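Engineer: Quick one: this structure, given as structure tokens, is what I'll be asking you about.
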Amino acid sequence: MSERALLMIPGPIEFEPSVLQAMGEKTRSHLDPVFIGAFGRALKRLREVFVAPTAQPFVIAGSGTLAMELAVANLCEPSDAALVVNTGYFSDRMAKMLERHGASVTQVRAPPGEVPPLDEVKKALAQRPFKLMTVTHVDTSTAVLAPVKQLAALAKEHGALCVVDGVCSVGGEALEQDGWGVDVALTASQKALGVPPGLAVLCAGPRALAAFRARKKPVASVYLDWSEWLPIHEAYEAGKAAYFATPAVNLISALEVSLGQLLAEGMAARVARHQKIAAAARSAWKALGLSMLPREDAAAHTLSALYYPPGVDTGLVKKIADEGVTVAGGLHPDLRAKYFRVGHMGATGPAELLTVVGAIERALKASGAKIELGAGVAAAQTTLG
Ligand code: PMP
């Protein structure tokens, strides 16, 4: 495959050259004033990206799974009750993690592609007091977008903390952490934040920090413990050197650059761009006769999950790669071989979208599907306007 192949999976994504340049700079000491400044600015920018002026951001070397475990390990104590609003593979992971940390887990599930009805969540919340409720904002296995604003309001009404896995949403989907009453929102660097993989990012609001401070026992893992990381993050934000565990210097420098770009675009404009690109993608899928896995009114804007049309199988992904674009296969265990996924988050614009649609058309044609070359591109162009 060409080195120029376009990476259109739901993370990692294509990164901006200036972000990659920051990754490639000479590595400074983590106590170097230039790095301290960059880390401090990155933390301040995260508050703006999450729209969470009262939250404490954490940036820790690791992937999105570490960000999930940071939330669970710091908030959950054995026998705490947790409710999982389950929309797919990553909600399953959250449930597994909560169980491993000793929580008593209740799940409200929906069939793949759907969101559990709010009434069912409400009923579950009324059954017993829950310490926390988790929601996967966009479950990357199903491309389902959960109604976080409404769910967070329900959690608050019932005295439960609301933890949002925003790994496939933050920086692409609308999220107002403070305004919506989300207590913890978390993500990873490699998706809509636009930085190569390697950073777990989490914002903990005041109620989450209060629950953490009220723990009966310390967190069992030293690396995960917010008590270790809090003074470090506070110091960097105040422009001072501090050490607990070596920060990912180059990744954090790249994060500062990327977050600057996000904020220069503006969060509202960025969300609107993702919605427009997603709308154009949907027009293309319709024109090509590709059905989406998520229910249309619950479909994410950061990626598409599409069923293979009749007579076409998982070999399509390789054929799309042969056309110069990398997309992803299925992930949900019940449907893995029946669908594929296309990421369209971060800096994705019309050029990238039209390229991936064109590649899919050519690959479908090569697979024997009855489509008209150009129909998807034309439909996307019309919606893009
Ligand atoms: N949650 C969601 C919604 C995700 O999409 C992913 C990664 N695809 C994760 C959690 C886990 O992140 P990571 O692979 O970076 O550990």
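The values are calculated or read from the model by the stated rules, or taken from the named source; none is laboratory data. As the structure is a computational prediction, the values presented were derived from the model and not from experiment. FYI the Cβ positions are ideal-geometry reconstructions off the backbone, even for glycines, and counts take in every protein chain you see. When the accessible area is computed, the model is the full protein with side chains, heavy atoms only, and any ligands, DNA or RNA have been set aside. Shrake-Rupley method; radii C 1.70, N 1.55, O 1.52, S 1.80 Å.
Engineer: Considering every residue within segment 66-83, establish whether at least one is part of a helix (DSSP H, G or I), more than 16 Å from the ligand (Cβ to nearest atom) and of a type in the set (A, V, I, L, M).
Structural biologist: Within segment 66-83 (the criterion being part of a helix (DSSP H, G or I), more than 16 Å from the ligand (Cβ to nearest atom) and of a type in the set (A, V, I, L, M)), the answer is yes, since at least one residue qualifies.
Engineer: Continuing with this model, one more query. Does segment 88-109 contain at least one residue that is within 14 Å of the ligand (Cβ to nearest atom), in contact with a Leu (Cβ under 7 Å, 6 or more places away or on another chain) and touching a residue at least 40 places away in the same chain (Cβ under 8 Å)?
Structural biologist: Within segment 88-109, one or more residues are within 14 Å of the ligand (Cβ to nearest atom), in contact with a Leu (Cβ under 7 Å, 6 or more places away or on another chain) and touching a residue at least 40 places away in the same chain (Cβ under 8 Å).
Engineer: Does any residue of segment 152-164 turn out to be within 26 Å of residue 278 (Cα to Cα) and away from the ligand (no atom under 14 Å from the Cβ)?
Structural biologist: Scanning segment 152-164 turns up at least one residue that is within 26 Å of residue 278 (Cα to Cα) and away from the ligand (no atom under 14 Å from the Cβ).
Engineer: Separate question: I'd like the full set of residues that are in contact (Cβ under 8 Å) with a residue 24 or more places away in the chain and open to solvent by 20 Å² or more (accessible area, probe 1.4 Å), limited to segment 34-55.
Structural biologist: Within segment 34-55, 37, 41, 44, 45, 47, 48, 51, 53, 54 qualify.
Engineer: Next question, about the same structure. Just to check your reading of the model, which residue among 314, 383 is under 16 Å from residue 279 (Cα atoms), among the polar types (S, T, N, Q) and touching a residue at least 24 places away in the same chain (Cβ under 8 Å)?
Structural biologist: 383
Engineer: Within segment 95-114, which residues are surrounded by 17 or more Cβ atoms within 10 Å (Cβ to Cβ), out of contact with any helix residue (DSSP H, G or I) (no Cβ under 6 Å at 6 or more places or on another chain) and assigned to a helix (DSSP H, G or I)?
Structural biologist: 95
Engineer: Could you list all residues from segment 177-201 that are touching a helix residue (DSSP H, G or I) at 6+ places or on another chain (Cβ under 6 Å) and over 18 Å from residue 257 (Cα atoms)?
Structural biologist: Matches in segment 177-201: 180, 181, 182, 183, 184, 185, 186.
Engineer: Got a number for residues in segment 1-38 being in contact with a Leu (Cβ under 9 Å, 6 or more places away or on another chain) and assigned to a helix (DSSP H, G or I)?
Structural biologist: 4
Engineer: Filter segment 34-53 down to residues that are under 21 Å from the mean Cα position of the chain (by Cα) and among the β-branched types (Val, Ile, Thr) and give me whichever is nearest to the ligand (Cβ to nearest atom).
Structural biologist: Going through the qualifying residues, I end up with 49.
Engineer: Of the residues 123, 149, which single one is more than 19 Å from residue 80 (Cα to Cα), open to solvent by 40 Å² or more (accessible area, probe 1.4 Å) and of a type in the set (D, E, K, R)?
Structural biologist: 149
Engineer: Within segment 165-183, restricting attention to residues that are in a loop (DSSP other than H, G, I, E, B) and surrounded by fewer than 24 Cβ atoms within 10 Å (Cβ to Cβ), which residue is nearest to the ligand (Cβ to nearest atom)?
Structural biologist: Top of the filtered list is 174.
Engineer: Restricting the first residue to segment 123-146 and requiring it to be at positive phi and within 10 Å of the ligand (Cβ to nearest atom), which pairs with a second residue that is open to solvent by 10 Å² or more (accessible area, probe 1.4 Å) and modelled with pLDDT under 95 meet a Cβ separation below 6 Å and a spacing of at least six or different chains?
Structural biologist: Matching pairs, first to second residue: none at all.
Engineer: Return yes or no: is residue 279 in a helix (DSSP H, G or I), open to solvent by 20 Å² or more (accessible area, probe 1.4 Å), touching a residue at least 12 places away in the same chain (Cβ under 8 Å) and assigned by TED's automatic domain parsing to the domain that holds residue 348?
Structural biologist: In short, yes.
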